[in-house]
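Just so it is clear, none of the values below were taken in a lab; they were calculated from the coordinates. Remember, it's a predicted structure, so these values are computed and weren't measured experimentally. Ideal geometry is used to build each Cβ from the backbone, glycine not excepted, and the neighbour counts take in all protein chains shown.
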């Protein structure tokens, strides 16, 4: 029985369907995936299936063997750890960008805070800027290597 997918952005939909099946272990490690069978099962031509399989190979979820086909890669502990390391790096980068944007926004609009001194933000690049040392409990000036969490608020 063929699954009918809407025609909008077919390549992406086929990719998402196959990826979710692999991650849900509907296709076990080492299992061969047939381009022709998948196309018939999904009710699409071979082209979107080929694009999806190629993308899954580039992500490491599939391997391709010359003249043999596509095979589901085993998900090992190493692969999981690498995935979490990538996620951690992306989340840390997003946090850095968010803090940097908050600092820039604060300094651009500090008059809205009545000239308040920021506490709880990391001002690593801004020398001479007051910051709150959470460990000692004192306000310091210079580069912060320890900083209080954003819940510390603002002090006047």
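On full extension, the segment bounded by residue 34 and residue 84 gains 15.0 nm, given 0.36 nm per residue less the C-alpha separation. When the P(r) of the stretch 26-78 is calculated, the portion above 18 Å amounts to 28% of the C-alpha pairs.
I want to make sure I understand the PRE zone here: with the label point 7 angstrom from the Cα of residue 25 toward its beta carbon, which residues in the stretch 55-83 have backbone N atoms less than 18 Å away? Answer for the stretch 55-83: 61-62, 72-81. Mean projected area of the Cα convex hull of the stretch 1-97, taken over all directions, amounts to 7.7 nm². Here the contact order of the stretch 1-81, divided by its residue count and restricted to Cα pairs under 8 Å and six or more residues apart, works out to 35 percent.
Spatially, the stretch 8-23 and the stretch 38-81 are offset by 11 Å when compared through their Cα centroids.
Compared with the direct C-alpha span, the chain from residue 76 to residue 92 gains 3.3 nm at full extension, assuming 0.36 nm per residue.
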